[in-house]
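Peer 1: Okay, here's the structure, questions in a sec.
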Amino acid sequence: QVQLVESGGGLVQPGGSLRLSCAASKSIFSVNTMGWYRQNPGKSREYVAFITTSGVTNYADSVKGRFTISRDNGKNTVYLQMNSLKPEDTAVYYCNTVPAVRPYWGQGTQVTVSS
């Protein structure tokens, strides 16, 4: 069974940092580009960052220079290090393949940036 389980969210003050984790089934992790997405209520889910199986990364302009995506192939886990967080980064964060596959969406993890 394919599973993507996100964790690491929470409440942080502006300027703070969080590291998100996404544990994936080996069947999808080992052969796919993995990405992070985020969504706020009433808005479309938006792309944040991706990392290929060989470690090539790409970021949305809104997070470039502040967020870093990485993957641990031995643990089938993808990470998102988020620094210099802003209130506009508040959202539910999800991981999925790139392009995203509908059945893979998990519950996500809430990130709230507020003073």
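Peer 1: Which peptide among 72-81, 89-98, 28-37, 55-64 comes first, and what is the full order, when sorted by highest mean count of other Cβ atoms within 10 Å?
Peer 2: The peptides rank, most packed first, as 89-98, 28-37, 72-81, 55-64.
Peer 1: On a straight-distance basis, which aspartates and glutamates could pair with Lys75 in a cross-link, Cα separation under 18 angstrom, same-chain partners fewer than 8 positions away excluded?
Peer 2: Glu6
Peer 1: Still on this model: I need the per residue convex hull volume for the chain, using only the alpha carbons, in cubic angstrom as a whole number.
Peer 2: That works out to 92 Å³ per residue.
Peer 1: Per residue, how large is the accessible surface of the stretch 18-115? Use a 1.4 angstrom probe and give square angstrom.
Peer 2: It amounts to 50 Å² per residue over the stretch 18-115.
Peer 1: Considering only protein heavy atoms and a probe of 1.4 Å, how much of the accessible area of the chain is carbon and sulfur, as a whole percent?
Peer 2: Whole-percent figure for carbon plus sulfur exposure: 47.
Peer 1: Assuming 0.36 nm per residue, please report the length gained on full extension of the stretch Thr57 to Lys75 beyond their Cα-Cα distance.
Peer 2: Computed gain between Thr57 and Lys75 is 4.6 nm.
Peer 1: Once every DSSP H run of n ≥ 4 in the chain is given -39500 (n - 2.57) and the sum is divided by its residues, what mean residue ellipticity at 222 nm do you get, rounded to the nearest 500 deg cm²/dmol?
Peer 2: Mean residue ellipticity, 222 nm, calculated: -500 deg cm²/dmol.
Peer 1: Here's another thing I want to ask about it. Please give every one of the aspartates and glutamates within straight-line cross-link reach of Lys26, meaning a C-alpha to C-alpha distance under 12 Å, and leave out same-chain neighbours fewer than 8 residues apart.
Peer 2: Within reach: Asp72.
Peer 1: Considering only DSSP beta bridges with both partners in the chain, what is the antiparallel share in %, to the nearest 5?
Peer 2: Counting only bridges with both partners in the chain, antiparallel ones make up about 90 percent.
Peer 1: Could you give the dipole magnitude of the chain about its Cα centre, charging the beta-carbon of Lys and Arg +1 and that of Asp and Glu -1, in debye to the nearest 20?
Peer 2: The calculation lands at about 100 debye.
Peer 1: Pairs of Cα atoms under 8 Å, at least six residues apart: use those to get the relative contact order of the chain, whole percent.
Peer 2: 37
Peer 1: Treating cross-link reach as a plain straight distance, find the lysines whose alpha-carbon is under 18 Å from the alpha-carbon of Lys64, omitting any fewer than eight places away in the same chain.
Peer 2: Lys86
Peer 1: Answer with one residue from Leu4, Ala100, Ser30: the one whose Cα lies farthest towards the positive end of the charge dipole of the chain, charges on Cβ with Lys, Arg +1 and Asp, Glu -1.
Peer 2: Farthest along the dipole direction, towards plus: Ser30.
The values are calculated or read from the model by the stated rules, or taken from the named source; none is laboratory data. Note that this is a predicted model, so its numbers are computed, not measured. Don't worry about glycine lacking a Cβ; one is built from the backbone with ideal geometry, like all the others, and counts go over all protein chains shown. Only protein heavy atoms, including side chains, enter the accessible area calculation; ligands, DNA and RNA are left aside. Shrake-Rupley method; radii C 1.70, N 1.55, O 1.52, S 1.80 Å.
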